[in-house]
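Visitor: Right, I'll just put the structure down here and ask away after.
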Amino acid sequence: MSKILSTQMSGLFQRIIQSEEDAIEETARLLAQASVGQGKVYFACFDGLEAIQTNALDGIEKFANLEKWSEDTVITDVDRVCIFTPSVENSKAIELANMLYDKFIPFSVVSSEPPSEKNLLSDLAYTYVSMKIRGGILPHPTNLGERVVIPYLMAGLFVYEAIKLNYDEMLSDDDLD
């Protein structure tokens, strides 16, 4: 079963990069705007994706210019926000997106679903990255027809690392100018 999991995760990561590479780069560019200006970067993470913010703030390779986000954080027009949520139906993520949109603060969203007319977050966000997760990636060992292992956090961390690579490169290029 471990080999199947490895194969499925590898396939998921490939799908993300193949279809979302431009959106990932645009997201990094959006976040870099705050870092080359007077702003701060915030990650608003929901429903189990809070580990992304923890990793970005406290991990070995910290995300430059990232500040801890909470519902009480005052965000200004020079700041940039990346919302990470497993579902575009998350009411807190939608509330934050609406607030940012109404204040003309550009932000990005990383979520499972593809962009669509029904996806309000993809419509409001300046950039949108889909994690390409439609459900469980492995067949249940005993319940035929059921699928297990929904890797929201692993896909979110993968997208985060891809954004960070581009972001760090942009900031290092800016230092050379």
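The values are calculated or read from the model by the stated rules, or taken from the named source; none is laboratory data. These figures come from a predicted structure and were not determined experimentally. Don't worry about glycine lacking a Cβ; one is built from the backbone with ideal geometry, like all the others, and counts go over all protein chains shown. Accessible surface is based on the protein model in full, side chains and every heavy atom, while ligands, DNA and RNA are left aside. Shrake-Rupley method; radii C 1.70, N 1.55, O 1.52, S 1.80 Å.
Visitor: Restricting attention to the stretch 138-154, which residues are open to solvent by 20 Å² or more (accessible area, probe 1.4 Å) and either in contact with a Pro (Cβ under 9 Å, 6 or more places away or on another chain) or assigned to a strand (DSSP E or B) (or both)?
Guide: Within the stretch 138-154, P139, G145, E146, R147, V148, I150, Y152, L153 qualify.
Visitor: Going through the stretch 125-177 one residue at a time, which ones are within 18 Å of D47 (Cβ to Cβ), modelled with pLDDT of 85 or more and among the aliphatic types (A, V, I, L, M)?
Guide: Answer for the stretch 125-177, where residues must be within 18 Å of D47 (Cβ to Cβ), modelled with pLDDT of 85 or more and among the aliphatic types (A, V, I, L, M): A125, V129, M131, I133, I150, L153, M154, A155, L157, V159.
Visitor: Given E71, E89, which one is acidic (D, E), closer than 15 Å to L49 by Cβ and surrounded by fewer than 24 Cβ atoms within 10 Å (Cβ to Cβ)?
Guide: Only one candidate passes the filter, namely E89.
Visitor: For the stretch 66-83, enumerate the residues that are within 15 Å of the chain's Cα centre (by Cα) and within 14 Å of Y126 (Cα to Cα).
Guide: Result: R80, V81, C82, I83.
Visitor: Moving on. In the stretch 49-64, how many residues are open to solvent by less than 60 Å² (accessible area, probe 1.4 Å) and not in a helix (DSSP H, G or I)?
Guide: Residues meeting the conditions: 4.
Visitor: Further, regarding this structure: Are there any pairs, at least 6 apart or on different chains, whose C-beta atoms fall under 7 Å, with the first in the stretch 10-38 and farther than 24 Å from I137 by Cα and open to solvent by 50 Å² or more (accessible area, probe 1.4 Å) and the second part of a helix (DSSP H, G or I) and among the polar types (S, T, N, Q), and if so, which?
Guide: These pairs meet every condition: E25/N166.
Visitor: Shifting gears a bit: How do the pairs read when you match residues in the stretch 155-168 that are surrounded by 18 or more Cβ atoms within 10 Å (Cβ to Cβ) with residues anywhere that are aromatic (F, W, Y) and not in a helix (DSSP H, G or I), using Cβ under 9 Å and keeping only pairs 6 or more apart or on different chains?
Guide: G156/F84; V159/F84; Y160/F43; Y160/F63; Y160/F84; I163/F63; K164/F63; Y167/F63
Visitor: Here's something else I'd like to know. Criterion first (in a helix (DSSP H, G or I), farther than 13 Å from V129 by Cβ and open to solvent by 60 Å² or more (accessible area, probe 1.4 Å)) does I4 satisfy it?
Guide: It is true that I4 is in a helix (DSSP H, G or I), farther than 13 Å from V129 by Cβ and open to solvent by 60 Å² or more (accessible area, probe 1.4 Å).
Visitor: Among the residues of the stretch 32-39, are any of a type outside the set (F, W, Y), within 16 Å of the chain's Cα centre (by Cα) and not in a loop (DSSP other than H, G, I, E, B)?
Guide: yes
Visitor: Output yes when any residue across the stretch 92-111 is in a helix (DSSP H, G or I), farther than 21 Å from A28 by Cβ, open to solvent by less than 80 Å² (accessible area, probe 1.4 Å) and touching a Leu at 6+ places or on another chain (Cβ under 8 Å), and no when none is. Let's see the steps before the verdict.
Guide: At the first step, the residues of the stretch 92-111 found to be in a helix (DSSP H, G or I) are 92-102.
In the following step, the residues that additionally are farther than 21 Å from A28 by Cβ were identified as 92, 94-95, 98-99, 102.
Applying the additional criterion that residues be open to solvent by less than 80 Å² (accessible area, probe 1.4 Å) yields 94, 98-99.
Checking the rest, the ones that are also touching a Leu at 6+ places or on another chain (Cβ under 8 Å) come to 94, 98.
Among the residues of the stretch 92-111, at least one is in a helix (DSSP H, G or I), farther than 21 Å from A28 by Cβ, open to solvent by less than 80 Å² (accessible area, probe 1.4 Å) and touching a Leu at 6+ places or on another chain (Cβ under 8 Å), which makes the answer yes.
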